[in-house]
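For reference, the structure discussed in these notes is given below.
Since every read-out is calculated from the coordinates, none of them should be taken as a lab result. Keep in mind the model is a prediction, meaning the values are calculated, not measured. All Cβ positions, glycine included, derive from the backbone under ideal geometry; neighbour counts span all protein chains shown.
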Amino acid sequence: MHCSSPKMVCETKIVADEHDAIQGTKKDSIIVSSSQMWTSSTPAPNPIEENDVRKDTVFIREFERTDHVEVRRIFYEGIMERIPNTAFRGILQQSQTQFLYVLLTLMCFVVSKSLTLTCCAPFVLMAARYFYSSKVIHNYLACALRTDMADIEEYYMKPTGSCFWVAVLEGQVVGIVAAQGREDDNTVELRRMSVDSRFRGKGIAKVLGRRVLEFAVHNNYAAVVLGTTAVKMAAHKLYESLGFRRTGGSEDYMLPGMSGSPLERLFFQIRYQRYRLQLREE
């Protein structure tokens, strides 16, 4: 099922919206910058122009062992951002939880007859949300760092139909993404996408996503799928801009590391959404 094609190294706009696939296989690299796309069949930029271009060039290449520390750091920091996002932003998407918290606040007033305690109740509820968000996210991180993120080569580089890439800017790893092939339904799953917070807004995530799509096309997969618990709308807009369509989800998703206790369910809820990009009909 997995085909090979000639290597190509190219440069294109980092925020390019075109969806034409760039020829390449699992072992190929992509260079993305503010210059126009070029390949070995077209003249390369002159040295002066090339030096200017390299300053803002993002190079997409395969994961190497020496990347491990930076990859784990980017992954860790990206997941840790979920704590305040889930605790505070997440509640804006949960109307039932909002109603429940209002009801609890009113009950506090009915029972205590204290306006002071009633005014404190929302802050106590938000503090509890933050506590449980922190607890669950830390458990999820521990699980991930013991499994695939502990041995990227074993999980992503060795199996046929899977790969892990890093985005490099000025010699520094600034973004990560993985593709994991699923032979049972001939799909590839986009996983572990994250960009260093200091380098966001440059279109790096979109280029990483396109690399997974190109990998799927040239390895004859029928579709690319992903699941996300992202709270920020920017992540969902990114997937849609790449061509993904929402196919379902769950309002009561259980993350790895969750205990499912009543208090945890009261103060931690997360929305899970599935996306799919159909590449060809089976």
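Between T160 and A127, the FRET efficiency estimated from the beta carbon spacing at R0 = 51 angstrom works out to 0.60.
Once backbone amide H atoms are built at 1.01 Å from N, V168 has F59, I60, R61, V174 as its partners under 5 Å, excluding neighbours fewer than 5 places away on the same chain.
Judged by the ratio a/c of the largest to the smallest principal axis of the C-alpha gyration tensor, segment 59-278 counts as prolate, that ratio being 1.5 or greater while a/b is larger than b/c.
What net charge do the residues around Q269 carry, taking every other residue with its C-beta under 11 Å from that of Q269, with Lys and Arg at +1 and Asp and Glu at -1?
Net charge in that neighbourhood comes out at 0.
Between S197 and L266, the modelled labels are 3.0 nm apart [label points 7 Å from Cα along Cα→Cβ].
In order along segment 71-88, phi translates into HN-Hα couplings of 4, 5, 5, 4, 4, 4, 5, x, 5, 4, 5, 5, 4, x, 4, 6, 5, 10 Hz, rounded to whole numbers, per the Karplus curve 6.51 cos²θ - 1.76 cosθ + 1.60 with θ = phi - 60° and x for Gly and Pro. When each of the peptides 103-114, 152-163 is scored by the mean number of other C-beta atoms lying within 10 Å of its residues, the order from highest to lowest reads 152-163, 103-114. Applying 1/(1 + (r/R0)^6) with R0 = 41 Å to the Cβ-Cβ distance of L103 and L145 gives a FRET efficiency near 0.60. Remark: for residue pairs K158/K202; K135/K237; K206/K232; K202/K232, the C-alpha separation exceeds 20 Å in K158/K202; K135/K237.
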